[in-house]
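The values are calculated or read from the model by the stated rules, or taken from the named source; none is laboratory data. Owing to the predicted nature of the structure, the values given are computational and were not obtained by experimental measurement. Cβ: placed from backbone, ideal geometry, glycine included. Neighbour counts: every protein chain shown. Note: accessible area is taken over every heavy atom of the protein model, side chains too, but ligands, DNA and RNA are not part of it. Shrake-Rupley method; radii C 1.70, N 1.55, O 1.52, S 1.80 Å.
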Amino acid sequence: MKSETSQLKYIPFFLILIGSFFFQKCTSNQSDNADENQDLIEITDNDPAAGNPNGSATIPAEAQLEDVSLPDQIIGDGSPESCTAQAFIDAVALGGKIVFDGGSEPFTIQLDEAAKIFNDASNEVVIDGGGLVTLSGKGKTRILYMNTCDEDQHWTTSHCQNQDHPKLTLQNLTFINGNSKSEDKYDGGGAIWVRGGRLKIINCRFFNNMCADEGPDVGGGALRVFSQYENMPVYLVNCTFGGAEGYGNTGSNGGAISSIGVSWTIINCLFSHNQAIGNGGNPAQADTPGGGSGGAIYNDGNTMTLDIRGSLLEQNEVNTHGSSIFFVTNDLSGNIIIDDSVIQNNIGGTWYPVYPSISMHSDTEITVTNSLIE
């Protein structure tokens with residue numbers, strides 16, 4: 001009888017190759033797992049609600065909820081299990097008004113890849129979660145992507161950076177555990193990345209999303225936006241970014257949101273416990289990776305307006321500048337408006353020439369009414 005050792009040498013070579021393949025596959029899958037530095041969360045009944053509970057600013061007509069009573073697509077057939085990640089991805093690719101039929105209780109859709117909007121599918125894309133749907137990136141993927149200048153998503157005009165469609169509205173949804181650290185071409189935006197068209201987000205929550213840890217101009221732990229049509233604003237209405245310890249969003253800059261050359265109108269929103277964890281600013285100081293500005297909000301560009309109404313920004317944190325807001329208008333043509341809002345108890349940073357926690361050029365136009373900034 002042959003020994004075990006002598007038997008091994010007679011294993012056919014093709015079996016060794018197969019074993020090698022599966023070993024490599026398993027090793028490769030380890031890199032597909034959730035970021036080891038991101039503690040994943042699950043949704044419970046005790047999570048922060050959407051929006052600033054004390055916000056009472058008026059919401060203009062163009063920032064209201066979209067009507068989805070006649071949807072173009074319904075994901076699911078009555079059970080949470082029928083609302084699969086693939087069904088969601090397929091629906092987003094088709095566009096139109098999208099709703100979910102997953103029953104009467106909250107549920108989470110776990111994504112292994114981002115859902116991507118095709119620019120020629122529909123001029124209007126509305127995704128309404130009905131207050132029940134959570135979209136999770138599982139700590140390894142961005143959740144939603146739209147880019148009018150990405151040829152893979154189909155060009156529809158000769159001026160992709162300035163077109164009025166798709167008009168994307170996200171409402172009554174929760175975004176958790178998004179992670180875009182593996183993205184190198186379109187970086188930032190841990191949960192959502194948008195360029196072009198129009199963007200409006202209403203009654204949504206963003207918990208524990210993250211993007212790259214360092215870099216002078218990458219950011220948006222939850223959301224990154226470029227090139228809105230005719231410089232019209234992104235509307236954020238009654239949304240929460242973070243909201244409690246352990247729920248905050250994280251990125252090199254703009255712990256919650258980041259943009260270049262984009263105006264924002266932020267109404268009755270809550271930003272707290274978000275972090276800009278880069279270091280060295282922009283341009284990066286010597287021997288630093290750069291970043292670390294805008295604990296909640298990072299705005300860079302020229303002619304743009306940051307308009308904050310009825311909102312609360314507190315306990316956001318930075319390493320470099322702007323523990324609540326970083327706003328640099330390079331040609332001094334941008335401005336900030338803050339009304340009926342509270343900005344307080346934000347942590348860290350320097351360069352506060354006018355108001356605590358707000359980094360901006362001292363001659364940037366800023367109008368503050370009925371607000372507390374300390």
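Provide the net charge surrounding LEU173, with neighbours chosen by a C-beta distance below 12 Å and charges set as Lys +1, Arg +1, Asp -1, Glu -1. Show your work: numbers first, answer last.
Values: positive: ARG205; negative: ASP128.
Every neighbour counted, the sum reads 0.
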Q. Where the accessible area of segment 255-355 is counted over protein heavy atoms with a 1.4 Å probe, how much of it, in %, is carbon and sulfur?
A. 45
Q: Would you mind getting the accessible area per residue of the chain, heavy atoms of the protein chains only, 1.4 Å probe, in Å²?
A: 44
Q. When the Cα centres of segment 207-250 and segment 82-124 are compared, how far apart do they sit, in Å?
A. 21
Q | ³J(HN,Hα), Karplus 6.51/-1.76/1.60, whole Hz, each residue of segment 252-258, x for Gly, Pro | A | 4, 10, x, x, 9, 10, 9
Q. Can you list, bin by bin at 10 Å, the percent of alpha carbon pairs in segment 105-170, starting at 0?
A. 20, 42, 29, 9, 0
Q. Cα-based Rg of segment 267-330 per 2.2 N^0.38 Å, rounded to two decimals?
A. 1.17
Q | Largest-first ordering by accessible area, 1.4 Å probe, given options PHE118, PHE100 | A | PHE118, PHE100
Q) Put MET232, MET210 in order of accessible area, largest first, 1.4 Å probe: what do you get? A) MET232, MET210
Q: Find the lysine pairs in the chain meeting two conditions, Cα atoms under 23 Å apart and a separation of 8 or more places or different chains, and report how many there are.
A: 17
**Q.** Under 15 Å, Cβ to Cβ, from PHE88 - net charge with Lys/Arg +1 and Asp/Glu -1
**A.** -4
Q. In the chain, if every C-alpha pair distance is counted and binned at 10 Å from zero, what percent goes to each bin?
A. 6, 24, 33, 21, 8, 4, 3, 1, 0, 0
Q.
I need the fraction of alpha carbon pairs in segment 296-361 separated by more than 20 Å, rounded to a whole percent.
A. 21
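Just check segment 129-225 against the gyration tensor rule for me: Cα atoms, a ≥ b ≥ c as the square roots of the eigenvalues, rounded for a/c under 1.5, and otherwise prolate or oblate depending on whether a/b exceeds b/c.
oblate
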Q) Helix-derived [θ] at 222 nm for the chain: sum -39500 (n - 2.57) over DSSP H runs of at least 4, divide by residue count, nearest 500? A) -3000 deg cm²/dmol
Q.
Let me cross-check LEU306: its accessible surface, 1.4 Å probe, with only protein heavy atoms counted, in Å² to the nearest 10?
A. 0
Q: Taking only the C-alpha atoms, wrap a convex hull around segment 225-323 and report its volume per residue in Å³ as a whole number.
A: 84
Q) Cα axis of helix 85-94 to longest principal axis of the chain: angle in degrees, 0 to 90, nearest 10? A) 60
Q) Of ARG309, ARG198, which has the most accessible area and how do the rest follow, probe 1.4 Å? A) ARG309, ARG198
Q: Starting from the alpha-carbon convex hull of segment 163-288, give the projected area averaged over all orientations, in nm².
A: 7.5
